[in-house]
Amino acid sequence: MNRYSDHEIGKVIELNGDYALLELKASDACRSCGAKAVCTAGKEDNRIMRIKNTLNVKIGDLVAFDTSETEQLKINIMQYGIPLFGFLLGLIGYFYLLAIFFPIPKELGSFLFALLIMLGFGCITRHWSAQKAKSISLHNLREIVSENPN
């Protein structure tokens, strides 16, 4: 059994201050991953990930890393929970407070207003998560699998 089955493996391709850029093979899980803000497309369908260099790795090292489930949950709540809250707020707010001002059916107006509020919250959340991705450490280095022979 592979002792790294609970971790992903990446190759260090660049060092930048306290961070290392890892290149890893894109997997099926990449398509539905919520961490796309911290992981970008690279060459030949590989992924490039910026990760805090806590193990003093060098260029060419293969490293095992994992994802912080707590930080992943925070990002998911931020990306999906806040727009959902905006949708519900728009539905209820229009239905009970704004419907008297507009000559369209309450249900239709409420739905359209809720979509508008959700879109607004989604844009704010997208900008916020892009800024947050620069400061959080979603992935953690676990160990160096093999070192660069150079």
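The values are calculated or read from the model by the stated rules, or taken from the named source; none is laboratory data. Remember, it's a predicted structure, so these values are computed and weren't measured experimentally. Quick reminder, even Gly has a Cβ in these numbers, built from the backbone with ideal geometry, and neighbours come from all protein chains shown.
If a residue must be of a type outside the set (A, V, I, L, M), in contact with an Asp or Glu (Cβ under 9 Å, 6 or more places away or on another chain), modelled with pLDDT under 85 and surrounded by 15 or more Cβ atoms within 10 Å (Cβ to Cβ), how many such residues does region 45-72 contain? Quick ask: steps written out before the conclusion?
If we filter region 45-72 for residues that are of a type outside the set (A, V, I, L, M), which is where we start, we get 45-47, 50, 52-54, 56, 58, 60-61, 65-72.
Narrowing the set further to residues that are in contact with an Asp or Glu (Cβ under 9 Å, 6 or more places away or on another chain) leaves 46-47, 52-54, 58, 60-61, 65-67.
Restricting the remaining residues to those that are modelled with pLDDT under 85 gives 46-47, 66-67.
From the residues that got through so far, the ones that are surrounded by 15 or more Cβ atoms within 10 Å (Cβ to Cβ) too are 46-47, 67.
Summing the residues that are of a type outside the set (A, V, I, L, M), in contact with an Asp or Glu (Cβ under 9 Å, 6 or more places away or on another chain), modelled with pLDDT under 85 and surrounded by 15 or more Cβ atoms within 10 Å (Cβ to Cβ) in region 45-72 gives 3.
Would you call Ile75 within 30 Å of Asp18 (Cα to Cα), outside the structural domain of Arg50 (by TED's automatic domain parsing) and surrounded by 14 or more Cβ atoms within 10 Å (Cβ to Cβ)? Let's see the steps before the verdict.
Working: within 30 Å of Asp18 (Cα to Cα): yes; outside the structural domain of Arg50 (by TED's automatic domain parsing): yes; surrounded by 14 or more Cβ atoms within 10 Å (Cβ to Cβ): yes.
Answer is yes for this residue.
Take region 78-107 and flag every residue that is modelled with pLDDT of 90 or more and closer than 29 Å to Ile136 by Cβ.
Scanning region 78-107 gives Tyr80, Gly81, Ile82, Pro83, Leu84, Phe85, Gly86, Phe87, Leu88, Leu89, Gly90.
For region 99-120, check the following and say yes or no: at least one residue is crowded, with 17+ Cβ neighbours inside 10 Å and in contact with a Pro (Cβ under 7 Å, 6 or more places away or on another chain).
yes
Given the criterion closer than 23 Å to Asn140 by Cα and not aromatic (Phe, Trp, Tyr), identify the matching residue among Arg47, Arg126.
Arg47
From the list Met78, Met118, which residue is within 30 Å of His7 (Cα to Cα) and either of a type in the set (Phe, Trp, Tyr) or in contact with a helix residue (DSSP H, G or I) (Cβ under 6 Å, 6 or more places away or on another chain) (or both)? It would help to see each step written out before you state the result.
Details: Met118 fails: within 30 Å of His7 (Cα to Cα).
Matching residue, one of Met78, Met118: Met78.
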